[in-house]
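This report refers to the structure that appears directly beneath it.
Laboratory data are not the source of any read-out in this text; all were calculated from the coordinates shown. These numbers come from a predicted model, not from an experiment. Positions of Cβ are backbone-derived with ideal geometry, glycine not excepted, and every protein chain shown enters the neighbour counts.
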Amino acid sequence: MNKNNLQPWLDYFALLRTYEENGYLEIYPEKHEAFITQPAIHALTPGDDPQQQLLSGAIPETVFGIRTYAAWRSQQGSDYLDRPFALNVVKDEKPHDRLYTIVLDRCRPLLRPWRKADTIEVIDYRPRPAKK
């Protein structure tokens, strides 16, 4: 009989709870939204170089984990995952201005309508350099 080992998830959720207690992460399950400081998201994401974390696709995996934690906190189960979820990455120092928001949404791809796939959108609030 194959049993799923939930201990890795429980350990990860305990880690995220520690981030919440220390003020690096705020989860609002009912709003499908969370806020995390920029150093915290990079600390949770494998790899040492923030630019490489973005390029390797490791940041989205971290966001998926945080969304799963929010779903667990909401006690809504898998229905929670079918609604859009926003992770706002903010500055570490106060005021915690938003740097960017990562929005996860589920859709049914045209080529495989029987499956659901996550889509990712990044909304960047950082000022862009002026063009010369």
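Count the net charge of all other residues whose Cβ sits under 13 Å from the Cβ of Leu16, scoring Lys and Arg as +1 and Asp and Glu as -1.
-1
Would you kindly give the portion of the calculated P(r) for segment 7-124 that falls above 21 Å, as a percent of all Cα pairs?
Summing the P(r) of segment 7-124 above 21 Å gives 37 percent of all pairs.
Over what distance in Å are the Cα centres of segment 24-40 and segment 84-130 separated?
Here the answer is 13 Å between Cα centres.
Which whole-Hz ³J(HN,Hα) couplings does segment 6-11 yield from phi under the Karplus relation 6.51 cos²θ - 1.76 cosθ + 1.60, θ = phi - 60°, glycine and proline marked x?
8, 4, x, 5, 5, 5
Provide the FRET efficiency to the nearest 0.05 for the Lys94-Leu15 pair, computing r from the beta carbons and using R0 = 35 Å.
About 0.90, to the nearest 0.05.
Once Lys and Arg get +1 and Asp and Glu get -1 on their Cβ, which of Leu25, Pro84, Ala71 lies farthest toward the positive end of the dipole of the chain?
Result: Pro84.
Any idea what angle helix 58-74 forms with the longest principal axis of the chain, computed on alpha-carbon atoms, 0 to 90 degrees, nearest 10?
60
With each label point set 7 Å from Cα along the Cα-Cβ vector, what nm distance links Arg83 and Leu110?
Inter-label distance under the simple model: 2.9 nm.
Starting from the 7 Å offset along Cα-to-Cβ, what nm value, one decimal, do you get for the label separation of Tyr125 and Gln75?
3.1
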